[in-house]
Structure formats: C-alpha cells, structure tokens
1. Out of everything in segment 595-612 that is touching a Gly at 6+ places or on another chain (Cβ under 6 Å) and hydrophobic (A, V, I, L, M, F, W, C), what residue ends up being surrounded by the fewest Cβ atoms within 10 Å (Cβ to Cβ)?
2. Name, by its number, the condition in (1) modelled with pLDDT of 85 or more; (2) closer than 21 Å to A526 by Cα that does not hold for G646.
3. Within segment 546-600, which residues are of a type in the set (A, V, I, L, M), touching a helix residue (DSSP H, G or I) at 6+ places or on another chain (Cβ under 7 Å) and under 21 Å from A336 (Cα atoms)?
4. Could you tell me which residue of segment 189-216 is farthest from L329 (Cα to Cα), considering only residues that are part of a helix (DSSP H, G or I) and in contact with a strand residue (DSSP E or B) (Cβ under 6 Å, 6 or more places away or on another chain)?
5. I need a count of the residues in segment 81-97 that are loosely packed, with under 15 Cβ neighbours inside 10 Å and not charged (D, E, K, R).
6. Only one of these conditions is not met by D230: (1) assigned to a helix (DSSP H, G or I); (2) in contact with a Ser or Thr (Cβ under 9 Å, 6 or more places away or on another chain); (3) of a type outside the set (S, T, N, Q). Which number is it?
7. Taking only segment 638-689 into account, find how many residues are within 20 Å of L700 (Cβ to Cβ), over 35 Å from the mean Cα position of the chain (by Cα) and not hydrophobic (A, V, I, L, M, F, W, C).
8. Restricted to segment 673-732, and to residues that are hydroxyl-bearing (S, T, Y) and in a loop (DSSP other than H, G, I, E, B), which residue is farthest from E616 (Cα to Cα)?
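The values are calculated or read from the model by the stated rules, or taken from the named source; none is laboratory data. Only a predicted model underlies this, so the values are computations on that prediction, with no experimental measurement involved. Neighbour counts run over all protein chains shown; Cβ positions are idealised from the backbone, glycine included.
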Amino acid sequence: FQTFVDDVIVHNRMMTGGFVIAGRSVTLADITAPVLCFVGERDEFARPRAVRAIDRAAPRAPLFERSADAGHFGLVVGAGALETTWSTVTRWVLWRAGKGPQPAEIVDVRGGGRARQRAARAGGDDLIGEVREAIWDQLGLGLRDVTESARWVRWQVPRLLSLVPVLLRGRVNIGRLLAERAAARPNDTLFLWRGRAYSYAEADARVNKLARALLARGVSPKGHVGILMDNHPDYLTSLLALSRIGAVAVLLNPGVRGPVLEHALAAGKVEQILTSPERAAAAVEAAGADAVARVYLVSAHSEASAALGLESLHERVQADGDDGPPQGLALNPGRAEELAWLMFTSGTTGRPKAAKMTNSRVLGAATLAAVGAGMTARDTVYVSLPLYHATGLVLGATAGFIAGSRVVLAPRFSVSRFWDDVRRHGVTVVLYVGELCRFLINTPEAANEKRHTIRLLVGNGMREDVWREVLRRFGGIRVLEFYAATEGNILLANLTGEKVGSVGRVPFDVLRTELLRYDFERGEVARDDDGNVMLCDDDEPGMLIGQIHPLNPFSRFDGYTDARATGKKIIHNVFTVGDAWFLSGDILRRDADGDFWFVDRVGDTFRWRGENVSTEEVEAVLRAAPGVEQVAVYGIEIAGEEGRAGMAALTLQPGTAALDGAALYEVAESSLAPRARPLFVRVVDALETTVTFKVIKRGLQEQGASLEAAGAGRLFRLDEPARRYAPVESER
C-alpha cells in the first residue's frame with residue numbers, strides 16, 4: 001500500500017510525465033474530453049487539494065466539479081454514494097448530451113465557478129478544510145522533493161489532520177486523552193520512573209484519586225493551582241488531575257524562591273500550591289501567612305517537610321479504594337480555547353512572564369512535535385529536561401503521550417547516568433536544549449559509545465561544533481533542530497539534518513513567517529520613508545515574525561497574563577491594514593534555499609562603533625581558542641563611548657592553568673571583524689545558567705569590566721599593538 005501511495009499519490013506520475021505502458025506514455029495532459037471530478041471534503045485518502053490539481057494536470061479538458069461532505073468511501077459506495085455521486089453522474093451525462101438541465105450542484109471550473117463557490121462558503125468550517133489541505137499539501141505531496149530522511153514525516157500527517165477540527169473548537173485536554181487511552185489500552189506503559197513502569201490504567205486511577213482529594217480541598221474548575229516540584233511522577237499526576245477537574249496548572253520553577261517565586265505566584269494568580277518535600281519550605285515561604293491552608297504535599301512527608309505542618313495528600317490517595325472518576329463533576333471539561341497551563345518564560349533578559357497555554361496550544365504543539373519526530377508506539381522517549389519547561393513537558397512528555405510512545409522520566413539530566421538509562425530502557429528519542437549535548441561530547445570517548453538505540457535527538461540550541469561531534473562520536477543518530485518559543489506562534493524545523501547548524505524552515509504552509517529589516521539603534525522594526533516594512537534579502541539578518549490568525553490553531557498568539565507585555569509582542573499593519581504579527585525578539589537569516597539560521601537574540605545583539613555585533617557569532621569563534629570551554633559574550637557600556645563594547649566571560653577546560661591571551665587574540669583576529677572582537681575578557685569559574693542550560697548574562701553585564709568583580713589576574717583587555725589580550729592590573 002505504501003509503495004502504491006508513493007508512486008501514485010506522492011510522486012503523482014500522472015501529473016509529472018505520466019506512466020509508460022507497453023512503451024507508450026500516458027498522461028492526463030492528453031485528455032480533451034469533459035471531466036467531472038468529485039471532491040470529498042472529509043476525504044483523507046484523496047485530499048481535496050490533490051483532486052483539484054486536475055485543473056493543472058489536464059489543461060485541455062473542460063472541467064467540472066461536485067463537492068460533497070463525505071469521506072473517500074462515502075463517495076464511492078453505500079447509500080450516500082448512490083444519492084450523491086452516481087445520481088450526479090447520470091444527470092451530468094444527460095446534460096452534456098443535451099437531454100437535461102445542468103445540475104445545480106456542479107461547478108464549471110473553467111468558467112470561474114470554483115472561485116465563486118469558495119467565496120460563498122468562506123468561514124470557520126472552510127478554514128478547517130483549508131488548514132488541513134495546506135498541511136497535507138506541504139507535508140504529503142510537497143515532500144516529494146525532500147531527501148529520504150524525511151519520507152516518514154508524511155506518514156504521520158493523518159494524526160495531525162484528525163486533530164485540526166478539535167483544536168479549533170471542541171472539548172479536548174490531556175485529562176480526557178488519558179481517560180480514553182486508559183479505556184482502550186489499560187495495560188500499555190505510559191511512563192517509566194527509576195525502573196518502574198506505570199500503565200495507563202494505573203496512571204488514570206491515581207489521577208482520579210488525586211482529583212477527588214483536590215476537590216475536597218477546594219480546588220475548582222478554572223481555579224489557578226501552582227505546581228512547585230522537580231521531575232517526578234507526581235508532577236504528571238498533578239497536571240492530569242487538574243485537567244480532569246478543569247483547573248489551570250501554573251508551572252513554577254522549583255529552582256527559585258523568595259521574591260522571584262512570590263512574583264510568579266502573583267503573576268499566575270495562584271490560589272493553592274502542590275509541592276514536594278524537597279520544595280515545601282520554598283512554597284511555604286512564598287505563600288505567606290496562610291501557607292498551611294494553601295500548600296499541599298502530593299508525595300509522602302520527609303522529616304523536614306513534616307515539621308512545616310502541611311497536609312500530605314499522599315495518605316488520602318493511598319487510602320482511596322475507588323479507582324473510578326470523581327462523581328458529581330463534569331470530567332475533563334477543558335475546551336480547546338480555554339486555558340490549560342501558565343508557563344513562565346526563561347527570564348534570561350528580565351523577569352519571567354506567565355505565558356498562556358490553552359488546551360489547543362498544548363496539544364497542537366505536542367502533535368506537531370510528535371509528527372516531526374515521527375514518534376510512534378514503538379518509540380521510547382527520554383525526558384530529563386525539567387517538566388516546568390516547554391521542551392521537556394510539551395515536546396517531550398506530552399508529544400510521547402499523544403504518539404503512544406513510552407516516556408522515560410529522569411529526575412534531571414546526568415552525564416554519568418545518561419547512557420545507562422538509554423541502554424536499560426531502549427531509548428530511541430532524546431530531548432535536548434541548549435548546551436546539554438556538549439556535556440556528552442566532553443566525556444572521554446568509549447569503545448562502545450556507538451552501541452545504543454537512539455535514532456533521534458530533538459531540541460533547540462545545539463551549536464554547529466557540538467552537532468558535528470555528536471554525529472562523529474555517536475553515529476547512527478539524527479538531529480532534529482527546531483526553533484520555537486513557549487508563547488510564540490512560529491515553528492521552524494530542520495527535518496532532514498542536511499544543513500548542520502540550521503534551524504530549518506517552516507514545515508507547514510499554514511504557518512506564515514517573514515524576516516524584516518531591523519533598526520538596532522532604535523530597537524524596532526525598520527520602515528522606509530513611506531512607513532512600510534522592508535523584507536530581508538538572502539543571508540541578511542532580520543527580525544523573525546509570525547502571522548497571527550485567531551482561527552488557525554497553529555498560528556494563534558494567546559500572549560501573557562500581563563496585557564502590556566502581550567501588546568509589546570505584536571506588530572500591526574505589516575503588509576495589510578489591520579493584520580497582526582508576533583514579534584519573536586530573535587534575529588535570524590535565511591539562505592538562498594529558504595533555510596533559516598539563528599543569529600542572536602535582540603536583547604543580546606549590541607552595536608559598537610556603528611556596527612552590529614552578534615554575540616552568538618563571537619561565542620562560536622572564541623570557543624575554538626586553546627583551553628577555552630564555555631563562552632558568554634555581551635555588550636557593556638564604556639564611559640565616553642557610544643553603543644556597547646564587547647566583553648566575553650569564559651571558563652577554561654580542566655587542566656588549563658591560565659588563559660593564553662596571545663592564542664585567544666589569534667583566533668579572534670582570524671575570524672572576527674575588528675569591531676566584533678571583544679574589548680574585554682574575564683575568566684570565571686562557571687557561567688550561571690537556567691535549568692535548560694541558557695546562560696544568564698544579566699549579572700555579568702551589570703558588573704562590566706570591573707577588576708574588583710573579576711578578581712586579580714582574571715580580567716584582560718584587547719591589546720592590538722601587542723596582538724594579545726593583556727591582563728588588567730588596575731582599575732582605570
């Protein structure tokens with residue numbers, strides 16, 4: 001069947017040169033007789049757009065069309081086919097023979113009837129069809145020119161297509177999905193934790209029990225409940241229980257406390273907090289005077305947490321003998337457009353913002369990830385990234401859940417434990433972010449490191465040097481690098497992996513993105529004298545934007561809880577009056593082939609002596625210097641100078657006693673323009689990062705080129721005449 005589909009549908013040989021039968025070429029372009037085509041608007045086999053391609057494939061034939069609200073077989077067999085298809089054929093033949101009137105439901109395509117029909121039916125239902133057709137056209141028929149490594153993608157498309165209508169409207173949420181899976185596949189494994197496998201039925205029963213306990217503690221539909229815990233099965237159980245109730249989960253960073261956590265609780269309008277023994281003290285501190293009434297442990301108490309006087313729901317759940325769902329409640333009530341979670345942005349350039357994640361967004365993003373990664377029930381997905389972060393939770397755990405894959409949940413990423421986990425569980429898909437894979441390649445090479453089950457690494461932020469070393473060291477692995485943001489509506493994906501370092505291109509026609517010229521001095525999108533935006537040329541860095549369409553589930557932008565912050569991320573009147581586009585805040589470039597390359601974040605790029613400097617570019621160059629391990633580049637203010645001068649903070653490789661200023665200069669001089677070379681360099685013991693390995697530069701930037709902050713012998717200044725970075729010995 002797949003060979004048939006490849007030959008007839010994907011390659012569509014009747015359109016591209018025809019078949020050769022007994023030495024004779026046969027093609028649709030030969031046809032001059034009238035053609036009547038039938039379009040099933042719900043046909044998943046012969047997609048409407050594919051059928052309508054007859055317009056181009058048979059240009060010499062008079063063409064007529066009959067559309068019907070039917071699937072493929074509904075057009076061919078059964079009572080519906082007798083009433084719709086064959087009745088229409090009979091009346092059409094009689095009309096063409098001059099023996100009857102033209103059937104009203106038939107459209108004369110050559111006479112412009114299809115355009116009139118399209119205009120007449122424009123609206124929400126038609127949008128569903130257009131979205132689905134565009135996805136199929138791009139990932140199905142459109143992939144015929146892509147390399148073999150991406151062929152499997154189109155076989156995942158039916159899952160994506162089937163989800164489109166419910167993502168636009170309908171009752172859809174992860175709690176409902178779990179209930180359906182538990183009924184259909186009760187004994188299949190949902191996830192593994194420290195060698196213990198949990199089935200769908202076990203997970204569903206525990207979710208029901210926790211939901212009952214939460215209802216008894218006053219949690220209500222649409223109420224906001226914070227989750228403050230590290231990776232653990234209780235995290236997933238809590239998420240699913242809140243979905244079953246219809247409450248909103250506010251996903252809190254377990255690594256913060258004090259004012260930062262208090263800000264998150266306020267931004268998320270958190271009413272109650274679910275936590276673990278390890279994070280209970282931070283939760284109590286941030287919750288304030290009524291902490292005992294607002295904070296609950298989901299796990300059993302530890303000695304330390306017991307002293308806080310909090311109630312543990314674990315005992316109540318364990319004592320509950322009823323595996324069934326709570327009574328007297330509309331279960332899994334969340335609709336596509338309703339809020340499911342609040343997830344916080346990384347906060348690398350300011351206070352984290354609470355991004356709105358609707359049910360549509362959660363399941364839509366997870367489905368796109370599952371489709372792009374080709375996840376199936378045969379896969380085992382390894383999630384060591386924190387669950388409060390979108391890559392770990394949405395693109396890892398939820399995508400695996402949707403695909404029916406087994407999900408291996410790890411407490412955190414550990415280099416020493418990684419390969420043991422992979423081999424023990426037969427892991428096939430691994431989620432990464434930022435510099436995670438650099439930790440893997442920094443370990444000593446082992447004789448058996450190519451003996452593993454991993455087929456795919458999925459994530460974002462892998463540097464080109466790391467990517468090439470991963471392919472060399474661990475062979476047989478494919479890297480799927482993507483570009484996305486927690487709150488954004490832009491998706492780029494390097495599905496083939498052919499261009500190492502590229503974030504790929506837009507995988508679906510329904511996601512429209514553009515690159516606009518950016519004015520770095522003004523800090524805004526550049527416009528010409530008439531006020532019009534300007535598109536970037538090939539390889540010209542610019543601001544990436546994504547079109548916002550509220551009725552398209554894949555291009556919505558739901559924003560933040562802070563309306564002002566939401567407004568700052570939207571630009572209007574870009575190409576037409578009244579249009580709206582999401583401002584990514586990132587600078588990318590697009591090559592002549594249409595593939596995108598990440599350049600820098602707007603907040604990181606700085607201007608020095610009239611030129612823009614990309615911190616990403618400078619970091620990539622300096623990492624090649626002898627003895628250098630990690631690098632963070634940023635701009636600092638210099639008294640009497642306009643703009644910002646470049647400064648680099650770097651760590652040294654183990655065994656490297658001191659920075660070689662001459663060698664560092666040689667690397668910078670050979671690969672960087674003069675104004676891109678850092679004016680100052682400081683050596684640090686470690687770079688502060690988020691839990692997703694993004695470097696936090698704000699503190700370094702505030703310290704600037706301070707010898708006191710850097711320490712004696714650890715601050716260096718560019719010395720062009722001496723062709724080296726020379727130690728700074730005193731404050732100036």
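1. V602
2. The one condition G646 does not meet is (2).
3. Applying the first criterion (of a type in the set (A, V, I, L, M)) to segment 546-600 yields 548, 551, 563, 565, 570-571, 574, 577, 580, 583, 587-588, 592, 599.
Filter once more, keeping what is touching a helix residue (DSSP H, G or I) at 6+ places or on another chain (Cβ under 7 Å): 551, 599.
Residue satisfying the conditions is L551 alone.
4. So, considering only residues that are part of a helix (DSSP H, G or I) and in contact with a strand residue (DSSP E or B) (Cβ under 6 Å, 6 or more places away or on another chain), the one farthest from L329 (Cα to Cα) is Y200.
5. The qualifying residues number 8.
6. (1)
7. Residues meeting the conditions: 2.
8. So, considering only residues that are hydroxyl-bearing (S, T, Y) and in a loop (DSSP other than H, G, I, E, B), the one farthest from E616 (Cα to Cα) is S730.
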